[in-house]
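Okay, so here's the structure we're looking at.
The values are calculated or read from the model by the stated rules, or taken from the named source; none is laboratory data. Since the structure is predicted, the reported quantities are computational estimates derived from the model, not experimental observations. Here the Cβ is made from the backbone with ideal geometry for all residues, glycine too, and neighbour counts use every protein chain on show. SASA here: full protein model, heavy atoms, side chains in, ligands and nucleic acids out. Shrake-Rupley method; radii C 1.70, N 1.55, O 1.52, S 1.80 Å.
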Amino acid sequence: MKLDLKIYRSYANEREIVVMGHLFKKHAPDVFDLDKRWYKHAWAVIRMFRIKTIANAEVIFKFKGKEIASKTLDDGHFRLTIPYHEEIGSGWHEFEVAAKVEGNIRVEKGEFVKPYPGEYGVISDIDDTFLISHSGNIFKKVYVMLTKNINKRTVFDESVDHYKFLNRLGREDKSTNNAFFYVSSSEWNLYNFISQFADLNELPKAVLKLKDIKTGIADFLFSGGGDHNHKFYKIKHLVEFYPELRFVLLGDDSQKDAYIYQDITKIFPENISTVYIRQTKKKKKKEIKKILKNIESMGVKVCYFKESQQAMQHTKEHLG
């Protein structure tokens with residue numbers, strides 16, 4: 001049996017390391033070649049939702065002489081939470097994961113980050129927050145996904161500059177950066193697409209937290225849709241995992257970001273610094289304005305913006 005092992009960027013604090021990945025039969029979701037014609041790109045996207053995962057397979061985490069064995073979940077996913085009592089320096093660290101199935105072994109390297117000490121962490125949505133995705137129009141969204149390769153997809157004007165500014169916010173040592181996480185309702189199938197897009201556009205290097213993987217072509221049509229509760233639980237976990245940080249949350253008004261951020265603020269009133277919500281239509285939504293006003297009443301700064309330049313100015317005035 002041919003195996004393909006995909007390890008996602010992982011993360012650590014002073015007490016434990018969290019390692020994430022998937023084990024696939026034959027091929028993991030594609031790495032995207034920028035020179036593909038549109039129809040070859042479309043086929044690559046469709047293939048991402050036709051993958052087959054391997055359940056209950058042995059996986060072994062290896063880091064600095066330490067080995068921890070576990071098994072994949074029913075959807076081929078593994079998420080190992082590993083207590084670690086040795087000192088881990090801040091920054092990115094390399095590790096290995098080995099997968100074993102019926103005598104076949106696959107070994108891949110991964111990396112996890114332990115954030116540098118500092119005041120801020122940043123959690124951002126992806127679709128229509130920095131990546132123009134047309135989430136409010138399923139037909140346009142699918143058309144863009146199928147016909148436009150990574151180098152043809154676009155970010156909102158000045159959003160990269162804003163994210164780079166947030167990455168250095170409050171830092172005297174310019175060689176360090178803030179903890180950055182992209183949390184989205186896109187599925188793990190799109191991990192390579194998102195990480196390559198972020199690298200191509202020089203967005204801050206971040207840990208991705210995505211939705212359960214899909215393994216059927218029909219699922220492609222509803223990618224990024226459905227229940228968004230998983231975003232709430234992933235953000236809640238990150239805030240609990242790094243209680244020493246105050247988080248900046250970025251999202252948009254096309255889905256449920258403002259509602260989720262409101263609930264997170266209610267639970268962690270001292271851990272949320274600022275909430276940014278991008279306006280995706282011609283007019284601001286009344287219900288979003290109401291939610292942001294409520295968040296602001298809890299002592300958290302808010303900004304409901306159309307252009308990233310407005311968000312950048314707000315950061316400079318209120319956080320810089």
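With a cut-off of 12 Å between beta carbons, the residues surrounding residue 238 carry a summed charge of +3, where Lys and Arg count +1 and Asp and Glu -1. Dividing the summed helix terms, -39500 (n - 2.57) for each DSSP H run of n ≥ 4, by the number of residues in the chain produces a 222 nm estimate of -8500 deg cm²/dmol to the nearest 500.
Overall, the ratio between the Cα radius of gyration of the range 237-320 and 2.2 N^0.38 Å, rounded to two decimals, is 1.04.
For the chain, the longest piece that avoids every one of the GluC sites (Glu not before Pro) found in DSSP loops with at most 12 other C-beta atoms within 10 Å covers 15-85.
Note on the chain: with a GNM built from Cα contacts shorter than 10 Å, the maximum mean-square fluctuation among 266, 174, 26 falls on 174.
I want the local charge near residue 268. Using Cβ-Cβ distances under 11 Å, sum +1 for each Lys or Arg and -1 for each Asp or Glu among the other residues. Charge balance in the 11 Å sphere: 0.
Surface listing: 199, 127 arranged by accessible area from highest to lowest gives 199, 127, probe 1.4 Å. All C-alpha pair distances within the range 37-100, sorted into 5 Å bins from zero, spread as 4, 13, 18, 16, 12, 12, 11, 8, 4, 2, 0 percent across the bins. With 0.36 nm allotted per residue and the present C-alpha distance subtracted, the residue 142-residue 296 stretch has 51.9 nm of extension available.
Full extension of the chain between residue 236 and residue 173 gives 19.8 nm of extra length, using 0.36 nm per residue less the Cα-Cα distance. All other residues whose Cβ lies under 12 angstrom from that of residue 122 are scored, Lys and Arg at +1 and Asp and Glu at -1, for a net of +2. About the centre of its Cα atoms, the chain shows a dipole size close to 1160 debye [charges on the beta carbon of Lys, Arg (+1) and Asp, Glu (-1) only; nearest 20 debye]. Using only alpha carbons, the chain has a radius of gyration to Kirkwood radius ratio (Rg to Rh) of 0.96.
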